[in-house]
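Structure first, commentary second.
The values are calculated or read from the model by the stated rules, or taken from the named source; none is laboratory data. Fair warning: this is a prediction, and the values are worked out from it, not measured in the lab. Positions of Cβ are generated from backbone atoms using ideal geometry, with glycine treated the same way; all protein chains shown enter the neighbour counts.
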Amino acid sequence: MDLMEYQGKQIFAKYGIKVSKGDFADTVEDATKLAETLEFPVVVKAQVLTGGRGKAGGVKLADDLAEATQLSEDILGLDIKGHIVKRLWIEEASDIDEEYYASFTLDRSAKKHLGMLSAEGGVEIEEVAESNPDAISKIWIDPSEGLTREVCEKWVASANLNPKANEGTVEILLKLYETYEKEDCDLAEINPLILTPEGEVKALDAKVTLDENAMYRHEDWTAYEATQVLDERETLAKEKGLNYIGLDGTVGIIGNGAGLVMSTLDVVNQVGGTPANFLDVGGGASAEVLTNAIAVINTDEKAKSIIINIFGGITKCDDVANGIKDALETVDLRAPIVVRLDGTNAPAGREIMKTINNENVHSAETMLEAAGLAVKLATN
């Protein structure tokens with residue numbers, strides 16, 4: 001779950017990470033009242049879950065109250081890459097001597113937490129990694145040991161920051177790691193982490209992604225759900241209780257089990273296609289579930305074909321085939337479907353598929369064959 005900047009900053013402040021004084025506002029009137037409580041100049045920032053806010057006119061500096069009011073009016077309702085600005089964050093402006101980058105995330109291959117620190121902040125870390133990889137100082141942290149002050153001090157020293165920033169950076173990194181662990185983050189990022197002329201180190205921006213699997217441990221996360229921005233497909237899938245993530249490709253994908261769905265995405269890419277979604281129906285591939293799954297992908301105009309990839313274990317392939325048959329009686333199919341059944345009762349399931357009299361329904365015996373056919377159908 002991606003959080004907006006203001007939500008990330010509120011979490012940072014909870015753990016003692018220095019951020020600029022500010023608050024959020026949803027109307028021009030509230031923004032004006034908020035600005036009156038701050039010292040000018042202030043920064044008016046659009047709160048949307050996308051990058052490029054500054055270039056789109058969503059981050060502006062106001063020198064007085066009248067300008068803050070006008071900028072709030074200009075930015076509220078602004079369309080930034082398809083995201084309409086409904087909330088602002090207004091904070092006191094900061095003088096900046098230098099900008100750094102700091103983050104913690106999970107390195108799954110190493111089975112450790114990964115910390116990254118760079119003296120080149122204020123730009124996308126991917127750009128730094130490509131243009132000057134040596135500028136990023138990395139550290140791998142065993143979750144059972146955590147991040148000690150001694151290790152953190154050595155890490156900061158290796159990043160070649162301004163010596164005036166070292167002590168303050170150590171303090172913030174220790175608090176950022178605590179935030180990352182206790183808040184069950186997939187990512188906790190500060191970009192930029194700034195050094196002021198007075199030698200203070202503080203977070204000027206916040207990017208936080210929470211692990212939704214840990215929601216049962218955090219009752220306060222329900223407030224974050226209300227601000228999540230879902231597209232129409234994701235909204236419909238959520239209403240129907242489906243595990244769905246929308247993508248931008250042309251091949252819709254339905255499978256039972258996250259691993260199988262991910263493998264299907266990979267094979268579609270391998271044969272030259274682009275996935276339109278991730279949709280895992282789990283073990284309950286009933287007629288109702290399959291009807292809902294097909295219906296969700298059917299609303300995606302970019303999806304030009306659909307793969308249904310089922311491996312029968314407890315789920316029996318003949319039951320799945322009957323479910324698909326029933327589903328097609330209620331869904332007005334817009335894109336062709338390729339069905340691949342394997343595992344328990346797969347031969348019986350394939351025989352049932354042969355009884356479906358619909359030119360838009362195709363069968364394949366292997367995942368590779370199914371992906372190839374789906375990609376071909378998507379390009380016709």
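Number of residues in region 216-239 that are of a type in the set (A, V, I, L, M) and either closer than 15 Å to Leu279 by Cβ or at pLDDT 75 or above (or both) equals 4. I'd like to check something: does region 1-8 contain any residue that is at pLDDT 95 or above, surrounded by 19 or more Cβ atoms within 10 Å (Cβ to Cβ) and among the aliphatic types (A, V, I, L, M)? Checked region 1-8: no residue is at pLDDT 95 or above, surrounded by 19 or more Cβ atoms within 10 Å (Cβ to Cβ) and among the aliphatic types (A, V, I, L, M). Among the residues here, Gly273 does not qualify as surrounded by 15 or more Cβ atoms within 10 Å (Cβ to Cβ) and outside any loop (DSSP other than H, G, I, E, B). Residues in region 344-375 that are charged (D, E, K, R) and either surrounded by 19 or more Cβ atoms within 10 Å (Cβ to Cβ) or not assigned by TED's automatic domain parsing to the domain that holds Gly255 (or both): Arg350 alone. Counting the residues of region 9-33 that are hydroxyl-bearing (Ser, Thr, Tyr) and surrounded by fewer than 17 Cβ atoms within 10 Å (Cβ to Cβ) gives 1.
Restricting attention to region 336-380, the residues being touching a Ser or Thr at 6+ places or on another chain (Cβ under 6 Å) and of a type in the set (Gly, Ala, Ser) number 2.
From the list Leu176, Leu147, Leu193, Leu117, which one is in a loop (DSSP other than H, G, I, E, B) and buried (at least 19 other Cβ atoms within 10 Å of the Cβ)?
Selected residue: Leu147, the only one of Leu176, Leu147, Leu193, Leu117 that is in a loop (DSSP other than H, G, I, E, B) and buried (at least 19 other Cβ atoms within 10 Å of the Cβ).
Scanning region 28-50 for residues that are within 27 Å of the chain's Cα centre (by Cα) and within 24 Å of Glu67 (Cα to Cα) yields Val43, Val44, Lys45, Ala46, Gln47, Val48.
State whether the residues of region 125-137 include one that is part of a strand (DSSP E or B), among the polar types (S, T, N, Q) and touching a Phe, Trp or Tyr at 6+ places or on another chain (Cβ under 8 Å).
yes
Of the strands (runs of 3 or more DSSP E) lying entirely inside region 11-82, the ones with 3 or more residues being under 26 Å from Glu124 (Cα atoms) and not aliphatic (A, V, I, L, M) are found at 22-25.
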